[in-house]
Amino acid sequence: MAVKVIKTSEIEEQVAQLIQQANRFLPLDVLQAMERARDAEEDSGARLILDILLENAELSRTSGLPVCQDTGIDVVFVQAGPDCLVEGDVMSAINSGIARGTREGYLRKSVCDPVTRKNTGDNTPAVVHWFVSTEPGFRLSVLPKGCGSENMSALKMLPPSAGLEGVADFVLERIRQAGPNPCPPGIAGIGIGGTMEQAALLAKKALLRPVGKSNPRSDLAQLEQSLLSRINGLGIGPQGLGGSTSALSVAVEAFPCHIASLPVALNIQCHAARRAVACFQDGRWKMEETGKIMATGRSGAMNSLLSLAKALDLPLSREKVSGLRAGDWVKLSGRILTGRDQTHRRLCELMDDGVSLPVELENQLIYYVGPSPAPPGHVIGSAGPTTSYRMDAYTPRILSRGVLGLMGKGKRSPDVVESIKEHGAVYLATIGGAGAFLSSCITASRVVAFEDLGPEALYELEVKDFPAVVINDSLGNDYYSMIRPD
């Protein structure tokens with residue numbers, strides 16, 4: 001067998017291209033699955049959300065903006081065959097490719113030190129999994145993983161007596177609890193067996209499998225179909241707003257385990273199920289087919305949504321907020337502030353120190369977003385919401401300073417819902433994973449504080465007809481609970 005030498009410069013080039021491609025072009029199988037789900041969905045609201053997600057994919061394909069502003073932490077799977085030899089430091093080449101692709105593609109820098117929370121500045125290092133294969137060739141699979149879905153993932157060490165029904169119960173309960181947070185409809189990657197870390201790796205690797213492709217083992221394929229049906233029977237629906245499309249696919253992988261254990265891991269992927277693959281075979285590199293070739297043909301979803309929404313001019317007032325009810329769609333116009341975890345932490349630290357805040361919070365609406373960098377010709381990059389519960393620890397104090405509106409995605413804690421009611425405020429959700437779509441509603445953007453935080457800085461945005469739905473109104477009503485009382 002002739003040995004082919006692969007230069008690290010080639011790996012850097014491929015990785016740089018792959019992460020840009022993955023963030024702009026959803027896989028063809030994902031788009032087709034979403035089309036099928038849209039056509040089968042009976043709930044009109046759920047169909048409209050799916051139309052918006054398809055339109056977002058089309059906007060990303062044509063505009064160059066990422067599908068979602070959370071361009072993720074990059075997970076790279078390397079499969080090396082016996083006929084390939086890499087010349088040089090593969091890990092350095094992969095990370096150089098990540099840094100280069102992040103810079104060239106105007107992708108968000110989302111990787112930080114876990115203790116200090118200081119951003120690494122170039123989205124490195126990647127999480128790399130290396131596999132030695134008996135098959136010829138060299139394969140690079142890039143999986144950018146946003147943390148709205150990653151944070152909802154879980155692992156459990158079941159007793160063997162739990163069996164497959166115990167596995168199913170764990171998966172269903174975890175997805176039920178996650179509800180709207182991971183931006184459904186997505187993919188459930190499930191790893192069964194091995195050890196703790198092997199089950200988690202199997203679950204992650206399962207997300208590389210094309211949507212709808214079953215496990216070759218008939219018992220696992222049957223489990224996949226059963227779980228998909230039961231997940232869609234939960235009624236979570238697109239964005240957690242109801243409907244029969246809560247997941248697009250379930251992929252199960254298994255590995256032999258110890259006689260005394262039954263590890264199971266669930267890795268949830270959002271509807272923006274990004275991945276890209278390049279293979280080196282027969283002396284050349286080839287990228288696998290993506291949705292780059294597929295125009296969804298979806299347009300007009302924004303107009304349909306806005307026709308259902310009531311105009312809400314900013315700044316807010318107690319009178320305006322008191323007229324909103326859970327389930328109302330609104331279109332926001334005016335100036336809003338942004339703030340993620342670190343901005344909220346900084347604001348609360350300033351309050352603790354008795355220092356004046358850099359912005360006036362009274363009557364403001366704070367949008368939980370960390371936009372991707374603006375490419376040339378754009379006011380802002382992709383600018384969809386982040387998951388709101390992470391701000392729960394700070395929210396009562398922020399509300400005490402006169403903030404009347406909060407906007408993100410997903411559920412709030414009971415304490416925060418009560419605080420929203422106490423302060424006569426409102427919590428809105430906008431469309432998770434639709435960063436390119438929502439970017440078109442932003443007409444101006446500037447950093448007003450904490451510029452050193454990068455994507456977590458405090459921005460002031462000018463918005464026009466920015467769509468959102470009221471989740472928690474000033475009376476304490478919760479729209480998610482109204483949709484799914486359980």
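The values are calculated or read from the model by the stated rules, or taken from the named source; none is laboratory data. For clarity, every value in this text was computed on a predicted model and none was experimentally measured. Neighbour counts are summed over all protein chains in view; Cβ atoms, including those assigned to glycine, are modelled from backbone coordinates with ideal geometry.
Summary of computed values
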item	result
Subset tally (residues that are touching a helix residue (DSSP H, G or I) at 6+ places or on another chain (Cβ under 7 Å) and surrounded by fewer than 24 Cβ atoms within 10 Å (Cβ to Cβ)) for segment 60-75	4
Residue, farthest from the chain's Cα centre (by Cα), within segment 136-181, restricted to residues that are among the hydroxyl-bearing types (Ser, Thr, Tyr) and not in a strand (DSSP E or B)	161
Strands (runs of 3 or more DSSP E) completely within segment 189-281 that count 1 or more residues being in the same structural domain as residue 139 (by TED's automatic domain parsing) and surrounded by fewer than 21 Cβ atoms within 10 Å (Cβ to Cβ)	276-281
Scan of segment 57-74 for residues that are of a type outside the set (Gly, Ala, Ser) and at pLDDT below 95, ordered by number	58, 59, 61, 62
Selected residue (criterion: surrounded by the most Cβ atoms within 10 Å (Cβ to Cβ)) from residues of segment 105-164 that are closer than 25 Å to residue 183 by Cα and polar (S, T, N, Q)	149
Qualifying position, being touching a residue at least 12 places away in the same chain (Cβ under 8 Å) and out of contact with any Lys or Arg (no Cβ under 6 Å at 6 or more places or on another chain), among 218, 226, 214	226
In segment 106-133, residue farthest from the chain's Cα centre (by Cα) [restricted to those that are assigned to a loop (DSSP other than H, G, I, E, B) and under 18 Å from residue 278 (Cα atoms)]	133
Some residue of segment 450-470 being over 17 Å from residue 178 (Cα atoms), small (Gly, Ala, Ser), assigned by TED's automatic domain parsing to the domain that holds residue 311 and surrounded by fewer than 17 Cβ atoms within 10 Å (Cβ to Cβ)	no
Criterion violated by residue 162 - all others in (1) touching a Cys at 6+ places or on another chain (Cβ under 9 Å); (2) in the same structural domain as residue 219 (by TED's automatic domain parsing); (3) of a type in the set (Gly, Ala, Ser) satisfied	(1)
Residue satisfying condition, being closer than 30 Å to residue 6 by Cβ, within 26 Å of the chain's Cα centre (by Cα) and in contact (Cβ under 8 Å) with a residue 12 or more places away in the chain, within set 273, 254, 265, 247	273
All positions within segment 423-448 that are over 24 Å from the mean Cα position of the chain (by Cα) and surrounded by 19 or more Cβ atoms within 10 Å (Cβ to Cβ)	423, 425
The one condition in (1) modelled with pLDDT of 95 or more; (2) part of a strand (DSSP E or B); (3) of a type outside the set (Ser, Thr, Tyr) that residue 85 fails to fulfil	(1)
Filter result for residue 378 (in a helix (DSSP H, G or I) and more than 22 Å from residue 322 (Cα to Cα))	no
Filter result (under 30 Å from residue 112 (Cβ atoms) and among the polar types (S, T, N, Q)) within segment 300-359	338, 342, 343, 356
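Residue by residue, here is whether (1) in contact with a helix residue (DSSP H, G or I) (Cβ under 8 Å, 6 or more places away or on another chain); (2) polar (S, T, N, Q); (3) at pLDDT 95 or above holds:
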site	(1), (2), (3)
362	no, no, yes
375	no, no, yes
383	yes, no, yes
386	yes, yes, yes
390	yes, no, yes
409	yes, no, yes
413	yes, yes, yes
420	yes, no, yes
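Residues checked against (1) farther than 22 Å from residue 343 by Cα; (2) small (Gly, Ala, Ser):
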{"site": "426", "(1), (2)": "no, no"}
{"site": "439", "(1), (2)": "no, yes"}
{"site": "443", "(1), (2)": "yes, no"}
{"site": "448", "(1), (2)": "no, no"}
{"site": "454", "(1), (2)": "no, yes"}
{"site": "459", "(1), (2)": "no, no"}
{"site": "463", "(1), (2)": "no, no"}
{"site": "469", "(1), (2)": "yes, no"}
{"site": "472", "(1), (2)": "yes, no"}
